[in-house]
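What follows is one structure encoded as structure tokens, with my remarks underneath.
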Amino acid sequence: MTVRNSHWVALFSQLFVLSASVVLFMIPIYLLWSHITYEQNHLSNYKPHVVALILARGGSKGIPRKNLAVIQNTTLLRRSLDTINDCGLFHDVWVSTDDKEIAAEAELAGAKVFHRSAETASDEATSLSAVKEFSMYHQKVDIFAIIQCTSPFMTAEYLTRAYKMAVNQKFESVFSVTRTHKLRWKLNSDGQLQPSNFDVTKRPRRQDWDGEYVENGMFYFTYKNLIVNNKLQGGKLGVVVIPINRSLEIDTQFDLQAARLLAPLLDKPKNLTNRTNEMIKKS
């Protein structure tokens, strides 16, 4: 009897040790699986950190104080900031400037101010250098929406379209363009004129071709990895086509006067916009 009991005790002891070994073996596997599942869920739900960034230095040459030029009783800077705020998709809205008046105007519109260095605000500095400087102090940013306040007829719809392309469709670079059907010529190495985008023996009619895309400078959505590698555009590219009547970019006094004439035709009255939004909310 004693021998039989000892046999069962030994058997149960072996089963217990085996069960404990299986449990101890499964625990790290379970923990690893849980970690992988968590990371996958985290990545699938992760929303990139997207900021709107306006570069607005005070030393513009063609039109002095251009960023504070007024159209329809509103500065160019404020017009852009109001449109960005209407879009409402960005984590933060920043204005990079070296100018106190521009900084004050930005803060009045609710934007944050990044104090740009004299080096990146010089006449020789590129926009890319200013964005890189900003990115050095804002490491959490995944996507930069670089928006030009010299495009007075930008709309929240255009920004929303670009945002969704960059965030949802994973375009690494999205920028605004205008479609043109102009026949272009250029000088060759011998100084002779030659067609640049068409065959002179088969001059296309407007309806026979899709035209070309031309950058209009309104905005550039760019992933951080491109900025770090000294690129404004690259990777998977996408464009938002802007109608030509809204593609005006202000570089000269003539552009500014043209914008002032166009604004009453293109601007939506704010009270009408607000009434429309209220009706949408009620419906």
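Each residue in region 112-142 was checked for being of a type outside the set (S, T, N, Q), open to solvent by 60 Å² or more (accessible area, probe 1.4 Å), under 16 Å from residue 92 (Cβ atoms) and part of a loop (DSSP other than H, G, I, E, B), and 2 pass. Residue 230 satisfies every condition listed in (1) in contact (Cβ under 8 Å) with a residue 40 or more places away in the chain; (2) among the polar types (S, T, N, Q); (3) outside any loop (DSSP other than H, G, I, E, B) except (3). The residue that is least open to solvent (accessible area, probe 1.4 Å), among those in region 150-173 that are farther than 18 Å from residue 88 by Cβ and among the hydrophobic types (A, V, I, L, M, F, W, C), is 153. With respect to the conditions (1) part of a loop (DSSP other than H, G, I, E, B); (2) at pLDDT 95 or above, residue 204 falls short on a single one, namely (2). Of 157, 172, all but one fail to be modelled with pLDDT of 95 or more, under 18 Å from residue 241 (Cα atoms) and in contact with a Leu (Cβ under 7 Å, 6 or more places away or on another chain); the exception is 172.
Taken over region 71-107, residues that are open to solvent by 50 Å² or more (accessible area, probe 1.4 Å) and under 11 Å from residue 52 (Cβ atoms) amount to 4. Of the candidates 182, 224, the single residue that is open to solvent by 100 Å² or more (accessible area, probe 1.4 Å) and within 30 Å of the chain's Cα centre (by Cα) is 182.
The values are calculated or read from the model by the stated rules, or taken from the named source; none is laboratory data. None of the values given here were measured: they were computed from a predicted structure. Here Cβ is always computed from backbone atoms with ideal geometry, including for glycine, and neighbour counts include all displayed protein chains. Heads up: the accessible areas ignore ligands, DNA and RNA and are worked out on the full protein's heavy atoms, side chains in. Shrake-Rupley method; radii C 1.70, N 1.55, O 1.52, S 1.80 Å.
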